[in-house]
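Participant: A single structure is presented below for examination.
The values are calculated or read from the model by the stated rules, or taken from the named source; none is laboratory data. Bear in mind the structure is a predicted one, so any value in this text is a computation, not a measurement. Heads up, the Cβs are rebuilt from the backbone with ideal geometry, glycines too, and the neighbour counts pull from every protein chain shown. Areas reflect the complete protein model, heavy atoms only, side chains present, ligands, DNA and RNA absent. Shrake-Rupley method; radii C 1.70, N 1.55, O 1.52, S 1.80 Å.
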Amino acid sequence: GATKYYKQFEASSKSKQIESLGRMLKKRLKECGYGKEMMAKPERVWIDNVKSVNSPEDDYSPCITTDGTTMMITSRRKNSHQPNEVGVYDGDIYTSEIKDGKWSKPINAGSPLSTEFDETASMLSYDGTKLLTFKKEATDYNVYESELKGTKWSKPEALHRGLNTIHDQTYASYYKNSRRLYFVTSKKATGENSKGDEIYYCQKMNNSKTEFGAAQSVGIDVNTKFNEGSVYIHPRGDVMYFCSEGHNSMGGYDIFMSKYRQGQWQEPVNLGYPINTPYDDYFFAVTASGKYAYIASNREGGQGGLDIYKVTFWGDPKELQSSTEDYLLASIANPIQEVQIEKAVTVDKTALTVFKGMTIDAISRKAVEATIELTDNSSGKVIESFTTNSASGKFLLSLEAGKNYGIAVKAPGYLFHSENFDVMEPTGFNMINKTIELKNIKKGSKIALRNIFFASGQSTLKSESNSELDRLVKLMKDVPGLVIEISGHTDNVGSESMNAKLSKDRAAAVVTYLTSKGIAASRLQSKGYGSSRPVATNDNADGRQQNRRTEFEILSN
């Protein structure tokens, strides 16, 4: 259809018109050809509109952690800022989490990430602790970085002038060891006068977090005369996804993949239909497993404007066996002459392991902010040193397979924890999920044992208390010098003498349990404080519940 009209225009237009529009006309005709070819051979993928995160306005730039559990998007849905003269709101940044297998309704990240300056989130670091954004400052766009501290994002800081110039720098991507940043820059910034955007990268200087060397092009195989859009480097570091109006685009922006081989980025491959369409298909972010990716597209059938779509790769096709059954499936009028399978465009599945988990207090199960040093045991070299999140204790990083790794976990006031593990050559993708339980040994530490249960008004331990008590037994055995006081506490309901007796008897019951498991009585003291040491108000049910507790305090270690 479109080809016919382009050709009619070419035939009926004056030569001067054709001269000025010739390049674009040729490009449009080529796009029609590419589109027909690709739509005739769709890729082995499913594309689903992620309805729970989309709105009738533009929703775009999906940023995900490599384990695929957190997504940050940018959206022009109604916010608290002033819309422009045509009623369009500026872009704000939103967060969604996977809950029971579904993406939760996005929540505005709020200040300092979302402001009235129309910022865009361009990439979440592979572990989800840093975010690259961009916004317009005065006359040009610059790239910013923000860090997640506990539950709060730090104020985004503009990156070094080696990356940010007086011209536009927009979409950016981390590289596997964070020592390099890839980004989209205007051709003016590269010294070219023609309009358009290209992909460049900057190397960090001397492991410095703030200084970058001179920007370098990713090469002529990737950058075209047309616009290159967003860029995303796979956590393995040797696959780049980007969008472009050039190459063999079907129309608008299409998403392409390039592999890094022999020191350079290779000729890109169009990810094909239905990932790409004649509409604009932007922003590719993929999980480490390579099974899922997220894009934004304004194709027909969405909820309005750009929408976020989930791409599910089917994986490599199974080889069909030539058996009688195969031929029975064919129509007698049109028998199968030869079984031919088209090669799927999927992520190159070389070995990659995601090591994720959390550091928690062994008894209270609360998050502990800890430093983890990761060592390659064969070379003794520290590969990575990082701090786990203070609010959740979470961490996530990508590892090469075929090595023996050691981890050393340190947190002030906690027993040093170390272990080693082998990441053998997995077939494709591998996930290690580890909860590291740290043992508190800090003198004076008071830890509430929230999972110790008694029958109402009695000092008989219920069996549901055993798992928490057994964790305490393990701590006492692992740290033989530990001496603790077990204390019982009540709310202020009832007489003080009754409360004092009940709290004393309950603490004694815990000590009896611990001695029955082989802990020396000389290491245990028990006291009943009744309602004299509240940790919350006694004026409501929730406060009273918190005050009814069993605690232990470390007297010496």
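Participant: Restricting the stretch 402-415 to residues that are more than 19 Å from Leu438 (Cα to Cα) and surrounded by fewer than 17 Cβ atoms within 10 Å (Cβ to Cβ), which is modelled with the highest pLDDT?
Facilitator: Asn404
Participant: Okay, next question. All but one of (1) surrounded by 14 or more Cβ atoms within 10 Å (Cβ to Cβ); (2) at negative phi; (3) at pLDDT 90 or above hold for Ile107; which doesn't?
Facilitator: Every listed condition holds for Ile107 apart from (1).
Participant: Please enumerate the residues belonging to the stretch 433-489 that are open to solvent by 40 Å² or more (accessible area, probe 1.4 Å), part of a strand (DSSP E or B) and closer than 20 Å to Asp361 by Cα.
Facilitator: Asn433, Lys434, Thr435, Glu437, Lys446
Participant: Let me ask something additional. State all residues of the stretch 525-544 that are in a helix (DSSP H, G or I) and either open to solvent by less than 50 Å² (accessible area, probe 1.4 Å) or in contact with a strand residue (DSSP E or B) (Cβ under 8 Å, 6 or more places away or on another chain) (or both); if no residue qualifies, say none.
Facilitator: Gly543
Participant: So which residues in the stretch 259-276 are within 16 Å of Arg299 (Cβ to Cβ) and open to solvent by 30 Å² or more (accessible area, probe 1.4 Å)?
Facilitator: The one that is within 16 Å of Arg299 (Cβ to Cβ) and open to solvent by 30 Å² or more (accessible area, probe 1.4 Å): Tyr273.
Participant: Quick one: Thr115 ticks every box in (1) farther than 18 Å from Tyr182 by Cα; (2) in contact (Cβ under 8 Å) with a residue 60 or more places away in the chain bar one, so which box is it?
Facilitator: Of everything listed in (1) farther than 18 Å from Tyr182 by Cα; (2) in contact (Cβ under 8 Å) with a residue 60 or more places away in the chain, Thr115 misses just condition (2).
Participant: Residues in the stretch 352-360: is at least one part of a strand (DSSP E or B), open to solvent by 20 Å² or more (accessible area, probe 1.4 Å), modelled with pLDDT under 90 and not charged (D, E, K, R)?
Facilitator: Checking the stretch 352-360: not a single residue is part of a strand (DSSP E or B), open to solvent by 20 Å² or more (accessible area, probe 1.4 Å), modelled with pLDDT under 90 and not charged (D, E, K, R).
Participant: How many residues does the stretch 122-145 hold that are under 20 Å from Phe242 (Cβ atoms) and either within 15 Å of the chain's Cα centre (by Cα) or open to solvent by less than 10 Å² (accessible area, probe 1.4 Å) (or both)?
Facilitator: 9
Participant: Can you go through Ser418, Ser392 and tell me which one is at pLDDT 90 or above, among the small types (Gly, Ala, Ser) and either loosely packed, with under 14 Cβ neighbours inside 10 Å or part of a loop (DSSP other than H, G, I, E, B) (or both)?
Facilitator: Only one candidate passes the filter, namely Ser392.
Participant: Quick one: Thr515 ticks every box in (1) of a type outside the set (Lys, Arg); (2) surrounded by fewer than 16 Cβ atoms within 10 Å (Cβ to Cβ); (3) not in a helix (DSSP H, G or I) bar one, so which box is it?
Facilitator: With respect to (1) of a type outside the set (Lys, Arg); (2) surrounded by fewer than 16 Cβ atoms within 10 Å (Cβ to Cβ); (3) not in a helix (DSSP H, G or I), Thr515 is out only on (3).
Participant: Would you please name the residue that is farthest from Tyr89 (Cα to Cα), looking only at residues in the stretch 281-316 that are open to solvent by 20 Å² or more (accessible area, probe 1.4 Å) and polar (S, T, N, Q)?
Facilitator: Ser289
Participant: If I ask for residues that are open to solvent by less than 40 Å² (accessible area, probe 1.4 Å), in a strand (DSSP E or B) and modelled with pLDDT under 85, which ones from the stretch 163-203 would you list?
Facilitator: Listed by number, the list holds a single entry, Ser186.
Participant: Give me the pairs, please: first residue somewhere in the stretch 476-502 and closer than 30 Å to Phe416 by Cβ, second residue anywhere and at pLDDT below 90 and among the polar types (S, T, N, Q), beta-carbon distance under 7 Å, and either six or more positions apart or on two chains.
Facilitator: That search, which allows pairs on different chains as well, returns Val479/Asn557; Gly481/Asn557; Leu482/Asn557.
Participant: Do any strands (runs of 3 or more DSSP E) lying entirely in the stretch 83-162 carry at least 1 residues that are of a type in the set (D, E, K, R) and over 25 Å from His234 (Cα atoms), and which ones are they?
Facilitator: Once the strands (runs of 3 or more DSSP E) in the stretch 83-162 are filtered for at least 1 residues that are of a type in the set (D, E, K, R) and over 25 Å from His234 (Cα atoms), what remains is 92-99, 130-137, 140-149.
Participant: Here is a follow-up. Does any residue of the stretch 67-86 turn out to be more than 23 Å from Phe242 (Cα to Cα), open to solvent by less than 10 Å² (accessible area, probe 1.4 Å) and in contact with a Pro (Cβ under 9 Å, 6 or more places away or on another chain)?
Facilitator: Checked the stretch 67-86: no residue is more than 23 Å from Phe242 (Cα to Cα), open to solvent by less than 10 Å² (accessible area, probe 1.4 Å) and in contact with a Pro (Cβ under 9 Å, 6 or more places away or on another chain).
Participant: Provide a single number: the residues in the stretch 361-384 that are touching a Ser or Thr at 6+ places or on another chain (Cβ under 7 Å) and crowded, with 17+ Cβ neighbours inside 10 Å.
Facilitator: Qualifying residue count for the region: 4.
Participant: Could we say that Gln340 is modelled with pLDDT of 50 or more and outside any strand (DSSP E or B) here?
Facilitator: No.
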